[in-house]
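The values are calculated or read from the model by the stated rules, or taken from the named source; none is laboratory data. All figures in this text were calculated on a predicted structure; none of them were measured in a lab. Note that each Cβ is placed from the backbone with ideal geometry, even for glycine, and that neighbours are counted across all protein chains shown. Areas reflect the complete protein model, heavy atoms only, side chains present, ligands, DNA and RNA absent. Shrake-Rupley method; radii C 1.70, N 1.55, O 1.52, S 1.80 Å.
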Amino acid sequence: MLFWLLPLLTVLPGGDNEYGFEEPISFRVIAISSFYNRSCIQSLFSGWLGELQTHKWDGISDTIIFLQPWARGNFSNKELMELEKVFRVQIVRFVQGFHHYAPQLQLEYPFEAQMTAGCELHPGWVSVDFLRIAYQGSDFISFQNNSWLPSHKNGGIAQRVCTLLNQNQQEKKMIQYYLSNICPRFMLGVLDAGKAALQREVKPEAWLSSAPSPGPGHLLLVCHISGFYPKHVWVMWMRGEQEQPSTQRGDVLPNADGTWYLQVTLDVDTGEAAGLSCRVKHSSLGGQDIVLYWDHHRSMGMIFLAVILLLALLTGLTFWFWKCW
């Protein structure tokens with residue numbers, strides 16, 4: 001099934017001609033349902049290619065919303081309508097299943113259930129499918145090798161649910177078919193349709209600042225990196241060629257334009273800030289790292305402050321002369 005798309009894998013992000021790609025690529029559907037009582041439920045359903053949201057479910061029209069122009073992949077309208085139909089049925093079963101089993105399983109309202117289902121393509125073109133359901137944020141049950149399995153944390157309750165679900169052979173065959181056949185084909189079609197957008201590279205911008213002091217005699221140095229794509233970036237505070245192990249990396253956060261932002265900090269003694277630099281490596285830079293020196297930043301800051309003070313002084317003198325005149 002995957003053979004006809006092998007040439008595509010040689011040009012995917014992070015790929016090389018010999019091995020196709022270096023890191024797993026996944027497509028997954030995420031469902032989060034909050035059960036307030038038997039008549040009040042709030043659910044959110046979304047589709048993700050890696051860490052990029054590509055689809056969401058419109059609960060009013062019961063249709064898939066494509067968040068990217070290429071998110072339809074190479075599926076026909078007929079195939080997409082069939083996916084919508086299957087998804088609509090599975091949403092109802094997911095919600096009704098928890099309602100149905102709530103009394104038997106002694107589930108107390110309000111509670112929350114989560115589900116993630118999809119497939120992951122590994123180097124060597126090996127497809128691995130997954131389906132996991134969580135209750136109150138903890139693993140509950142999973143679907144593996146055409147069978148429902150309980151988690152260790154919720155053994156007793158989860159085991160009873162799996163026993164019931166495993167009796168429906170037709171349902172299990174359908175789930176396995178969509179996970180192991182439809183999902184990989186759909187994901188590869190989306191990758192093919194969106195490869196121009198997914199392969200784009202945007203160079204980061206970087207600047208330095210200092211945050212409020214963490215204590216007397218200390219400086220908190222901050223390296224800001226923004227506007228880069230793809231998401232993977234390497235940033236480190238350095239002294240010469242020596243990495244500073246106390247470097248603290250924040251979360252990589254999305255910008256409104258689809259690029260990413262990151263802060264990397266370093267807590268140092270005031271007297272040890274001289275000679276430090278922030279180094280940034282990113283695929284868009286073509287091996288030309290960005291290196292920002294704290295000494296240069298401090299010098300520029302002093303020059304800026306001196307200019308501000310000079311302008312303030314000139315403004316004051318001008319006002320004084322005008323008043324005396």
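I'm trying to understand the selection: among the residues of region 55-85, which are open to solvent by less than 50 Å² (accessible area, probe 1.4 Å), closer than 18 Å to CYS119 by Cα and in contact with a helix residue (DSSP H, G or I) (Cβ under 7 Å, 6 or more places away or on another chain)?
ALA71, GLY73, PHE75
Checking the condition out of contact with any His (no Cβ under 7 Å at 6 or more places or on another chain) and more than 26 Å from GLY118 (Cβ to Cβ), which residue from SER180, SER226 passes?
Residue meeting the stated conditions: SER226.
Quick one: in region 243-271, which of the residues that are acidic (Asp, Glu) and loosely packed, with under 13 Cβ neighbours inside 10 Å is nearest to THR54 (Cα to Cα)?
ASP257
State all residues of region 144-175 that are hydrophobic (A, V, I, L, M, F, W, C) and open to solvent by 30 Å² or more (accessible area, probe 1.4 Å); if no residue qualifies, say none.
LEU149, ILE157, LEU164, LEU165, MET174
How many residues are under 17 Å from the mean Cα position of the chain (by Cα) and either β-branched (Val, Ile, Thr) or farther than 28 Å from GLU23 by Cα (or both) if we restrict to region 45-73?
Number of matching residues: 1.
Looking at the structure I just gave you, is ARG200 closer than 29 Å to VAL29 by Cα and either among the basic types (Lys, Arg) or touching an Asp or Glu at 6+ places or on another chain (Cβ under 8 Å) (or both)?
Criteria met by ARG200.
State whether the residues of region 249-264 include one that is among the small types (Gly, Ala, Ser), in contact with a His (Cβ under 8 Å, 6 or more places away or on another chain) and under 23 Å from ALA197 (Cα atoms).
Looking through region 249-264, none of the residues is among the small types (Gly, Ala, Ser), in contact with a His (Cβ under 8 Å, 6 or more places away or on another chain) and under 23 Å from ALA197 (Cα atoms).
Give me a count of the residues in region 225-242 that are part of a strand (DSSP E or B) and open to solvent by 40 Å² or more (accessible area, probe 1.4 Å).
Summing the residues that are part of a strand (DSSP E or B) and open to solvent by 40 Å² or more (accessible area, probe 1.4 Å) in region 225-242 gives 3.
Note down all Cβ pairs under 6 Å where the first residue falls in region 69-83 and is on the phi < 0 side of the Ramachandran plot, the second is hydroxyl-bearing (Ser, Thr, Tyr), and they're at least six residues apart or on different chains.
The qualifying pairs are ALA71/THR54.
Of all residues in region 193-220 being under 26 Å from the mean Cα position of the chain (by Cα) and buried (at least 18 other Cβ atoms within 10 Å of the Cβ), which is modelled with the lowest pLDDT?
Once the filter is applied, the top-ranked residue is LEU198.
For region 97-143, give me each residue that is more than 20 Å from the chain's Cα centre (by Cα), in a strand (DSSP E or B), among the hydrophobic types (A, V, I, L, M, F, W, C) and surrounded by fewer than 17 Cβ atoms within 10 Å (Cβ to Cβ).
If the condition is that a residue be more than 20 Å from the chain's Cα centre (by Cα), in a strand (DSSP E or B), among the hydrophobic types (A, V, I, L, M, F, W, C) and surrounded by fewer than 17 Cβ atoms within 10 Å (Cβ to Cβ), then PHE111, VAL126 are the ones that fit.
Can you pull out the residues in region 129-143 that are out of contact with any Leu (no Cβ under 8 Å at 6 or more places or on another chain) and of a type outside the set (Lys, Arg)?
ILE133, ALA134, GLN136, GLY137, SER138, ASP139, PHE140
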